[in-house]
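Accompanying notes for the structure given below.
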Amino acid sequence: MERIYIGLVSTPGFFANMVRRTIEQDYVHVVLGLDRDLNEAYSIGRRHPSIPIISGFEREDKIKILQKFPEAKYMIYELECTSEQKEMITAQLRSDMERRFRLHYAVIGLPFLVLGKEFYQRNHYTCSSYASRVLERCGITLFDKHFSLVTPKDFYEHGKDKAIFEGYLREITPTGVYGVEIG
């Protein structure tokens, strides 16, 4: 068996606080990772941690996140999968990275999500709907609902008992890297 990793993220900010109030939990962002420390991880979210308006598909950059949010908290859990599923997930994430400027945040879908109504606009996702869709396409179904209705809370509920890490991002990021001094 192979493993992939789900990262749940809690950072401060206006938009994060709105999501936090809506789903009633601290972790408001979902990341798909290929390794346990999320050195290779992807999501739909901010293209740059300082600019929440500009969002889409990106490879997570722990150093940039840490520079902007030194108190960022993470919970990471692992999912078992077959070698074939891991290869398909890896290929999908890397392919989406190649076409990242065609994948966008589903702003229009947010009211539908709040109302519990399925909604999909081509190439538009929330962080959690993207992660759910990739997993489903690769044969891993975690939730009994349409991918557009999956929230970070669903991923949290699924993985809270399987966490392999819960703490601050600085704990899984090398100190002193690229001018980031921690502590």
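Which of (1) assigned to a helix (DSSP H, G or I); (2) free of Cβ contacts under 8 Å to residues at least 24 places away in the same chain; (3) not charged (D, E, K, R) is the odd one out, the single condition ILE53 does not satisfy?
Only one criterion is unmet by ILE53, namely (1).
Quick one: ILE63 ticks every box in (1) part of a helix (DSSP H, G or I); (2) within 23 Å of GLU166 (Cα to Cα); (3) within 14 Å of the chain's Cα centre (by Cα) except a single one, so which number is it?
Against the list (1) part of a helix (DSSP H, G or I); (2) within 23 Å of GLU166 (Cα to Cα); (3) within 14 Å of the chain's Cα centre (by Cα), ILE63 comes up short only on (3).
Could you look through region 1-22, keep only residues that are charged (D, E, K, R) and in a strand (DSSP E or B), and pick out the one that is nearest to ARG59 (Cα to Cα)?
Per the criteria, the residue is ARG3.
Among (1) over 13 Å from the mean Cα position of the chain (by Cα); (2) at pLDDT 95 or above; (3) closer than 17 Å to LEU8 by Cα, which single condition is ASP144 missing?
(3)
Among GLN85, GLN92, GLN25, which is outside any helix (DSSP H, G or I) and surrounded by 14 or more Cβ atoms within 10 Å (Cβ to Cβ)?
Every option except GLN25 fails the conditions.
Would you tally the residues in region 102-137 being surrounded by fewer than 17 Cβ atoms within 10 Å (Cβ to Cβ), more than 17 Å from the chain's Cα centre (by Cα), of a type in the set (A, V, I, L, M, F, W, C) and assigned to a loop (DSSP other than H, G, I, E, B)?
1
Checking VAL150 against (1) in contact with a helix residue (DSSP H, G or I) (Cβ under 6 Å, 6 or more places away or on another chain); (2) exposed (fewer than 14 other Cβ atoms within 10 Å of the Cβ); (3) among the hydrophobic types (A, V, I, L, M, F, W, C), only one condition comes out false. Which one?
So VAL150 meets the others, but not (2).
Mind telling me which of the residues PRO152, PRO111 ends up being in contact (Cβ under 8 Å) with a residue 40 or more places away in the chain and of a type outside the set (A, V, I, L, M)?
Result of the check over PRO152, PRO111: PRO152.
Any residue that is of a type in the set (Lys, Arg), surrounded by 18 or more Cβ atoms within 10 Å (Cβ to Cβ), in contact with a Leu (Cβ under 7 Å, 6 or more places away or on another chain) and at pLDDT below 95 - is there at least one of those in region 53-70?
Checked region 53-70: at least one residue is of a type in the set (Lys, Arg), surrounded by 18 or more Cβ atoms within 10 Å (Cβ to Cβ), in contact with a Leu (Cβ under 7 Å, 6 or more places away or on another chain) and at pLDDT below 95.
With the structure loaded, tell me whether ALA41 is surrounded by fewer than 21 Cβ atoms within 10 Å (Cβ to Cβ) and at pLDDT 95 or above or whether it fails that test.
no
For (1) buried (at least 18 other Cβ atoms within 10 Å of the Cβ); (2) part of a strand (DSSP E or B), each residue gets a yes or a no:
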| site | (1), (2) |
| --- | --- |
| GLY45 | yes, yes |
| TYR74 | yes, yes |
| GLU80 | no, yes |
| ASP96 | yes, no |
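The values are calculated or read from the model by the stated rules, or taken from the named source; none is laboratory data. All values derive from a computational prediction rather than experimental measurement. Positions of Cβ are backbone-derived with ideal geometry, glycine not excepted, and every protein chain shown enters the neighbour counts.
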